[in-house]
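Student: Could you have a look at this structure, given as structure tokens, before my questions?
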Amino acid sequence: MSRQLASVLLVESTSDDHFLSGLVGRVLQDIGLSARGVDFEVVEPVSIVRRGDSPFTSFAEQVSIMYPLPSLVFLHFDASGSPEREEARAFGPMRRAWESYELPERAVKLLPLAPVREMESWALADIDEVNRFAGRDVRQSGVFESELLDEVERLSDPKKTLADALRASSGRRGRRPKMAAAVLLQALAERIRLDQLGRVPSFARWRADTVAALHELGFLR
């Protein structure tokens, strides 16, 4: 009988939720498929949007009363231009709140999920999929900092670049109806090629950390 792999993530906003909740599940499934001799079933991740004045404490409390406990818990924060500074500001308080609930480290792993600079940089990692949704080659259409789309972590404002890239376009077929941002992010999370995303250093680090945690938890051999 296969084990069930349950995960929870705390995200900064609803837009982060639209993209990251679907992506996390895909990545966990891909890790399972790419590892030989491993038999586990990925449960759909639970996503919680950060709210209130003490989000880390309330999140740790929510996780501590879950039954069964999730095996993986991800804290999302945007690493901006200084990953070390942002990790100290976000992950440090989270770990302190976490330790106060004495959750078993051997059964539950708390991991940072920290895109550089923002979640939207990951959403832009597969330029072919972005072009498909935009209906044009966004590198040739005046999109903000389009010259940096091959190195998305160098974008100064990934939100602006993504908004420019995915705005409704006009052409021979006339103006296309504009998709809601939530629908676009969910669709990108479902379709983005993981090998393309793997070229983004912050994503590669998060995936490697996740693989290491699954080894420690016994899901991978």
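The values are calculated or read from the model by the stated rules, or taken from the named source; none is laboratory data. Just so we're clear, the structure is a prediction, and the values are computed from it rather than from any experiment. A quick note on method: Cβ atoms are made from the backbone with ideal geometry, for glycine too, and the neighbour counts reach across all protein chains shown. Surface areas here come from the heavy atoms of the whole protein model, side chains and all, with no ligands, DNA or RNA. Shrake-Rupley method; radii C 1.70, N 1.55, O 1.52, S 1.80 Å.
Student: Residue under question is ILE31, and the condition is that it be at pLDDT 90 or above and either part of a strand (DSSP E or B) or over 18 Å from ALA208 (Cα atoms) (or both); does it hold? Before you say what the answer is, go through the steps one by one.
Tutor: Details: at pLDDT 90 or above: yes; either part of a strand (DSSP E or B) or over 18 Å from ALA208 (Cα atoms) (or both): no.
So ILE31 does not fit the description; no.
Student: Now for a separate question. Quick check on LEU103: is it without any contact (Cβ under 8 Å) to a residue 40 or more places away in the chain, open to solvent by 10 Å² or more (accessible area, probe 1.4 Å) and closer than 21 Å to VAL11 by Cβ? Steps first, please.
Tutor: Details: without any contact (Cβ under 8 Å) to a residue 40 or more places away in the chain: no; open to solvent by 10 Å² or more (accessible area, probe 1.4 Å): yes; closer than 21 Å to VAL11 by Cβ: yes.
No.
Student: Those residues that are in a strand (DSSP E or B) and of a type in the set (Gly, Ala, Ser), I need them from the range 36-50; list them, please. Walk me through how you get there before you give the answer.
Tutor: Applying the first criterion (in a strand (DSSP E or B)) to the range 36-50 yields 40-42, 46-49.
SER47 - this is the single residue of the range 36-50 that is in a strand (DSSP E or B) and of a type in the set (Gly, Ala, Ser).
Student: Shifting gears a bit: Please determine whether any residue of the range 54-70 is under 14 Å from the mean Cα position of the chain (by Cα) and among the hydrophobic types (A, V, I, L, M, F, W, C). Before the answer, list the steps.
Tutor: Initially, the range 54-70 is screened for residues under 14 Å from the mean Cα position of the chain (by Cα), giving none.
So far as the range 54-70 goes, no, none of its residues is under 14 Å from the mean Cα position of the chain (by Cα) and among the hydrophobic types (A, V, I, L, M, F, W, C).
Student: Let me ask something additional. Any residue at all in the range 85-99 that's touching a Pro at 6+ places or on another chain (Cβ under 7 Å), farther than 22 Å from THR14 by Cβ, of a type in the set (Asp, Glu) and not in a loop (DSSP other than H, G, I, E, B)? Can you show your working first?
Tutor: Here is the first cut: in the range 85-99, the residues touching a Pro at 6+ places or on another chain (Cβ under 7 Å) are 87, 91.
Now drop any that are not farther than 22 Å from THR14 by Cβ, which leaves 87.
Narrowing further to those that are of a type in the set (Asp, Glu): 87.
Still in the list and also not in a loop (DSSP other than H, G, I, E, B): 87.
So far as the range 85-99 goes, yes, one or more of its residues are touching a Pro at 6+ places or on another chain (Cβ under 7 Å), farther than 22 Å from THR14 by Cβ, of a type in the set (Asp, Glu) and not in a loop (DSSP other than H, G, I, E, B).
Student: Give the range 164-193 a look and list any residue that's farther than 14 Å from MET119 by Cβ, small (Gly, Ala, Ser), at pLDDT 80 or above and surrounded by fewer than 17 Cβ atoms within 10 Å (Cβ to Cβ), or say none.
Tutor: Matches in the range 164-193: none.
Student: Select from the range 103-126 the residues that are under 17 Å from LEU194 (Cα atoms) and not aliphatic (A, V, I, L, M) and list them in ascending order.
Tutor: Answer for the range 103-126, where residues must be under 17 Å from LEU194 (Cα atoms) and not aliphatic (A, V, I, L, M): PRO115, GLU120, SER121, TRP122, ASP126.
Student: Look at GLY198 and say whether it is surrounded by fewer than 17 Cβ atoms within 10 Å (Cβ to Cβ) and at pLDDT 95 or above.
Tutor: On the way: surrounded by fewer than 17 Cβ atoms within 10 Å (Cβ to Cβ): yes; at pLDDT 95 or above: yes.
Against the criterion (surrounded by fewer than 17 Cβ atoms within 10 Å (Cβ to Cβ) and at pLDDT 95 or above), GLY198 qualifies.
Student: For the range 137-163, how many residues are modelled with pLDDT of 90 or more, assigned to a helix (DSSP H, G or I) and charged (D, E, K, R)?
Tutor: 5
Student: Condition test on GLU87, is it under 16 Å from the mean Cα position of the chain (by Cα), of a type in the set (D, E, K, R) and over 19 Å from GLY25 (Cα atoms)?
Tutor: Here the answer is yes, as GLU87 does meet what is asked.
Student: When the range 51-78 is examined, which residues are found to be outside any helix (DSSP H, G or I), over 25 Å from LEU197 (Cα atoms) and either at pLDDT below 90 or open to solvent by 40 Å² or more (accessible area, probe 1.4 Å) (or both)?
Tutor: Of all residues in the range 51-78, those outside any helix (DSSP H, G or I) come to 51-54, 65-78.
Going one step further and asking which of them are over 25 Å from LEU197 (Cα atoms), we end up with 51-54, 65-70.
ARG51, GLY52, ASP53, SER54, ILE65, MET66, TYR67, PRO68, LEU69, listed by residue number.
Student: Tell me, which residue of the range 128-161 that is among the acidic types (Asp, Glu) and on the phi < 0 side of the Ramachandran plot is most open to solvent (accessible area, probe 1.4 Å)? Steps first, please.
Tutor: Going residue by residue through the range 128-161, those that are among the acidic types (Asp, Glu) are 128-129, 137, 145, 147, 150-151, 153, 157.
Checking the rest, the ones that are also on the phi < 0 side of the Ramachandran plot come to 128-129, 137, 147, 150-151, 153, 157.
Numbers: ASP128: 85, GLU129: 24, ASP137: 59, GLU147: 136, ASP150: 105, GLU151: 100, GLU153: 42, ASP157: 56 Å².
Across the range 128-161, the extreme among qualifying residues is GLU147.
Student: Is it the case that the range 38-45 has a residue that's under 15 Å from the mean Cα position of the chain (by Cα), surrounded by 14 or more Cβ atoms within 10 Å (Cβ to Cβ) and under 26 Å from HIS215 (Cα atoms)?
Tutor: Residues of the range 38-45 under 15 Å from the mean Cα position of the chain (by Cα): 44-45.
From what is left, the residues that are surrounded by 14 or more Cβ atoms within 10 Å (Cβ to Cβ) are 45.
This time we only want the ones that are under 26 Å from HIS215 (Cα atoms), so: 45.
Yes, that holds for at least one residue.
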